[in-house]
Amino acid sequence: MALDQLDQRPGLRFLFTVAVGFVLVQGLRFAEPILLPIALAAFLAVICLPAVLWLQRRGIPFVVAIPATVLAVAGVLGLLILVGIQQLDELQSRIVAQGLAIRPELDAWLTGIETRFSLLEEGDIRGTVLGLIDIPTLASLATDATTWALSFVSGVFIVLLLLGFTLGEAAVLPRKLERVAGNVVASNERMTGIVAEVQGYLVIKTVASLATGVLLGLWTWSMGVELPILLGLIAFVLNYVPTIGSIMAAIPAIVLALVEVDVATGDFLGVNAQRTIVVGLGYLAVNVCIGNWLEPMVMGRRLGLSTLVVVLSLLFWGWLWGPIGAVLSVPLTMVAKIMLEHTSDLKWLATMLGKAPGPDDAAGTEGKA
């Protein structure tokens, strides 16, 4: 009876949908300590499942393939965390050294600008620009990142434990779906299609992110930029966020390439504009080739997201689940989009999340009309 009244009153139905969405968001935020490890384990399981199946095809029993995969993931995560923490400490010292070295030169340059333009009050430009290069603030950025990385270590064990059980569940999941669907072929195929599309997206995105991180790490190393391992790791992680992630990943590389400081004495050696431009062009080339050409070609245009949706999802999931939520924002939104595409009454919402309606969407709309 209540559902019939909602169908007859669009305004009431809209308010009911908003209320349900508000309760759902608050529930996601309240259950962050539980849901975040589950989400991480689920994404890792989707990415690692092809490796488990490959080992099984090679004659390795399922009960051996799963622990071997989990141990491999644990080793990779442990190595990345250890290297990341060490490199972040180095980044902190480099930021402080560069800030202290460039501050006197920048102060003199800004003083000359204020002297030349009499309309400006003395100290206005210097106060604004030098305030952005506050040494304690810059140093705290790397310290906060290190603290977050250390706190993340405490949750890795739970994520790995959930990963093992999730991979074990993959062996019986198809039979469970078939039983739940009541042996209905259409329902089973739809669920299988959703899982296949989600798996395809995450695997391709991970491979593309890995290639981006490796190429940019090698590129910064060849250009003589400090901390190339950390820069490659940053490029790998932020590549999960299209458009904005590539810009954010290029900022530390450009800063390290721009200012040259003597490591031994801390003296300011100069500004290397030529190297900075070349490094920036390298980042642009890698991200255009992989992000704007290779990924859309492999995934297809239908698996893309609108730029506005990318920005909004980054803000939403970052507010909801913190830094990890920001990194997972686009994959989480993409999973939601894929599931919406397989829901008849909400398929229009998946079209709104995408870059542009494709021929399939137009055909589906004409069929409904």
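Things worth noting here:
- Förster-model FRET efficiency, 30 Å R0, F165 and Q86, C-beta, rounded to 0.05: 0.40
- Working from label points 7 Å from Cα in the Cα-to-Cβ sense, the V207 to L15 distance is 5.2 nm.
- The range 23-86 - convex hull of alpha carbons, volume per residue in Å³: 112 Å³
- Full extension of the chain segment joining L218 with V64 gains 51.9 nm, where the gain is 0.36 nm per residue of separation less the Cα-Cα distance.
- Site pair M248 and H342 shows an inter-label distance of 2.9 nm when each label is modelled 7 Å from Cα along Cα→Cβ.
Throughout, read-outs are computed from the coordinates displayed, never taken from laboratory work. Just so it is clear, the structure is predicted and the values come from calculations on it, not from any experiment. We place every Cβ from the backbone using ideal geometry, glycine too, and count neighbours over all the protein chains shown.
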